Amino acid sequence: MIKLLKETTKGKYLYGYYIAIVFAFLVRLIWISLIPLLSNAPDESSHWTAVEYLSEYFRQPSSQEIVTAQVGAHVLQVQMSYFHMVISKSVFGLFFNNDSILIYICRITNALLSIVVVINCQHIFSQLIINKRIANLLAIALAFHPQYVFISSYVNNDVFACWITTLSIIVLLKILPKILSKLDSKNTLIQQFNFSQLILPLLCLTLFSSLFAKSSSIIVYASATFILLFIFLFRFKQTFPIVLNSFNNYKIILNVIAISASFLLGYLLYSMHTIKLSMPGLSNYDVFSGSFMAQVIFYPRPVQLRQVVYGAIFSSHSFIDYLNTITQMNYWQLIIQGFWGLFDNMSLRMNSLWYYFYLPYMISFLYGYFTVFKKSLKYHYLTVMEYTMCLAVVLMGVGSLSFSYKIAFQPQGRHFLPVLVIVYYFIAKGFYVFKGADFTKRFISIMIIGSVICTTFYVPFNLFSVY
Amino acid sequence: MKNFLKLQLFALIILTFFLVLAIVRMPSSHPKLVEFYQPINNYILKDIKSDKSFWVSTSNDPYIILPKIKILNSPESFFYIDINYTSKSCRASLGESASFIQIFWRTSDEGFSENKSDTTPISMGGSSYLIPLRSLSLLSNIPDKTVEVNFRLDIVNKIRCKFQINKIMLGTFE
């Protein structure tokens, strides 16, 4: 009886989760219908030009077209981030001639991808958090994050970056236990060091996709590499023989070849693109500005590598300049406002009460974040994953700070959306460490109610009154 | 979830296929490039002075007038400038708008005007700029096949900006 009751309760929760996901999609449909076409969402017209061009010609533009026809800044970058919308535009373009309808269809495609991201996040939370109810609630809360609902509701390349980030975390959650149990000689249950037929292609393709997407999509893999390298070097005497010995296994060699092949394919495609462009200047920042990693693999020579790494991370500013910026309250105010939701492009600023509503969650994030460092970095995959996520948030912060200075000074909290899943995990962790599971559930439920009110009523009604 | 991941893997394969297709199908086109030789003190400079191996702007409207050059009567042209901005004064700081490079052109000895110019914002990370000369489409009204054009480069709109010019090139498509 108790077992049946538990199953029914579990079923109800899952049922509730699915209803919430459908509702989150409906909320996005409301936003899609309310956000004015092309002019108000940031860069939507430029993103749309890229989608339009790619769906019309199914190729990248030549240098002559770039110079003469105004193809827009975004089609100049070689990006995979548009192709899900290109496919839907091409298919529905057979039935509809009207551009407005096709823009709405691309917006809906992006919204659908954002729901896929939410489902991935629920899977990640259920792997990281033992309490499944908290995992489900957290995923629902994330689905209604105001800024995330906004970026899910217009044509852009951000949702794709979020998708690749969540897939990368899922892949890491699958492969880290294998790698770490192998490295930990104390572990008697040493697992096979080969990856499954599903995970290896996912690893290769997410790596490849991050070369042709926003830089933020590579951040999780970059952090994991740093952390694993640190573990490897810190216990070099212990780990080196294990790693060396692993290379006797042909399956591991095949894994390494597959991963290298994904980078090689990226390199070849960039080379082909640059040769075809045959234009000075375009082979540099304009083309690669989407992906920092692509710049690094394309310019492997030491001098250029140094320049590219310096340029991509630190711009031309000194450390003191950055320090001055991050010590200004104004900077953090803009970042926090941008992270939760500041829709000034649409002449709409959220009431400051909303930021006070999210304040406990920001405090909980900081608390959850710093509790990670209570545990020393050991071989357990969850600890390594938490350290990786901590580093990913820092790298995202550094990247965002650097990008703020690219042209005019524009700090954007939206930069942090690819690591939204990490931020929400630390929010839950903060509450959990502070007062336990019930307290966490209560606070996340309040967050869901607040976010639903904000995204379903507050912003749409205000948008409706603005336009 | 396994099936859902398989579905996402399938989607990634399809998207990768389209990306490869888009790059393979991309046409190539080669511009004719003309380089303006360095150093820039061979040209007419205004409010720009030399400081060791660098140049410094002495007003917020410094410019370089390049020698007259014959170009094809084609609006499909661009400027490529490889330049390092090395001082803080070139940058936009907190709350400031971006600095710009502006290129003016003229076909006779008349003054330079805004409608015959193109601009690009100065990016802090980048050191090379490709500036399409879209305003040159006005040249298509002139019946001659080749036209003698005079270019003026407003390298920055900031005073005390320190910079180093490595390359200036004009590209034209036939």
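The values are calculated or read from the model by the stated rules, or taken from the named source; none is laboratory data. What you see is a predicted model; the values in this text were computed from it and never measured. Neighbour counts are summed over all protein chains in view; Cβ atoms, including those assigned to glycine, are modelled from backbone coordinates with ideal geometry.
If only one of A:L377, A:L395, A:L401 is more than 20 Å from the chain's Cα centre (by Cα) and modelled with pLDDT under 90, which one is it?
A:L377
Pairs under 6 Å by beta carbon, first residue in a helix (DSSP H, G or I) in the range A:15-40, partner surrounded by 15 or more Cβ atoms within 10 Å (Cβ to Cβ) and of a type in the set (K, R), six or more apart or different chains?
A:I32/A:R107
Residues are listed down the side, and each one gets a yes or a no for (1) modelled with pLDDT of 80 or more; (2) basic (K, R); (3) under 24 Å from A:S216 (Cα atoms):
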position: A:R306; (1), (2), (3): no, yes, yes
position: A:I335; (1), (2), (3): yes, no, yes
position: A:L348; (1), (2), (3): no, no, no
position: A:L353; (1), (2), (3): yes, no, no
position: A:L366; (1), (2), (3): yes, no, yes
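Rundown of residues vs (1) over 11 Å from B:F79 (Cβ atoms); (2) modelled with pLDDT under 85; (3) polar (S, T, N, Q), yes/no style:
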site	(1), (2), (3)
B:W105	no, no, no
B:G111	yes, yes, no
B:M124	yes, yes, no
B:L130	no, yes, no
B:S137	yes, yes, yes
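Being touching a residue at least 12 places away in the same chain (Cβ under 8 Å) and within 14 Å of chain B (Cβ to nearest Cβ), is that true of even one residue in the range A:248-261?
Within the range A:248-261, one or more residues are touching a residue at least 12 places away in the same chain (Cβ under 8 Å) and within 14 Å of chain B (Cβ to nearest Cβ).
Looking at A:F195 and the list (1) crowded, with 16+ Cβ neighbours inside 10 Å; (2) away from chain B (no Cβ under 14 Å); (3) modelled with pLDDT under 75, which single condition is not satisfied?
Going through the list (1) crowded, with 16+ Cβ neighbours inside 10 Å; (2) away from chain B (no Cβ under 14 Å); (3) modelled with pLDDT under 75, A:F195 breaks only (2).
Scan the helices (runs of 4 or more DSSP H) fully inside the range A:63-177 and keep the ones with 3 or more residues being within 30 Å of A:K276 (Cα to Cα). Don't jump to the end; show me each part of the working.
Working: elements: A:63-68, A:73-76, A:83-93, A:99-128, A:132-143, A:146-151.
Here the list reads A:63-68, A:73-76, A:83-93.
Among the residues of the range A:368-381, which ones are of a type in the set (F, W, Y) and surrounded by 16 or more Cβ atoms within 10 Å (Cβ to Cβ)?
Step one: of the range A:368-381, the residues of a type in the set (F, W, Y) are A:369-370, A:373, A:379, A:381.
Hits for the range A:368-381 are A:Y369, A:Y379, A:Y381.
Hey, can you tell me all the residues within the range A:103-127 that are polar (S, T, N, Q), within 12 Å of another protein chain (Cβ to nearest Cβ), within 24 Å of A:A428 (Cα to Cα) and in contact (Cβ under 8 Å) with a residue 24 or more places away in the chain?
Pass one, the range A:103-127, residues polar (S, T, N, Q): A:109-110, A:114, A:120, A:122, A:126-127.
When the remaining residues are screened for being within 12 Å of another protein chain (Cβ to nearest Cβ), the result is A:109, A:120, A:122, A:126-127.
Next, from what is left, pick out any that are within 24 Å of A:A428 (Cα to Cα): A:120, A:122, A:126-127.
Once the filter is applied, which keeps residues that are polar (S, T, N, Q), within 12 Å of another protein chain (Cβ to nearest Cβ), within 24 Å of A:A428 (Cα to Cα) and in contact (Cβ under 8 Å) with a residue 24 or more places away in the chain, the range A:103-127 yields A:N120, A:Q122, A:Q127.
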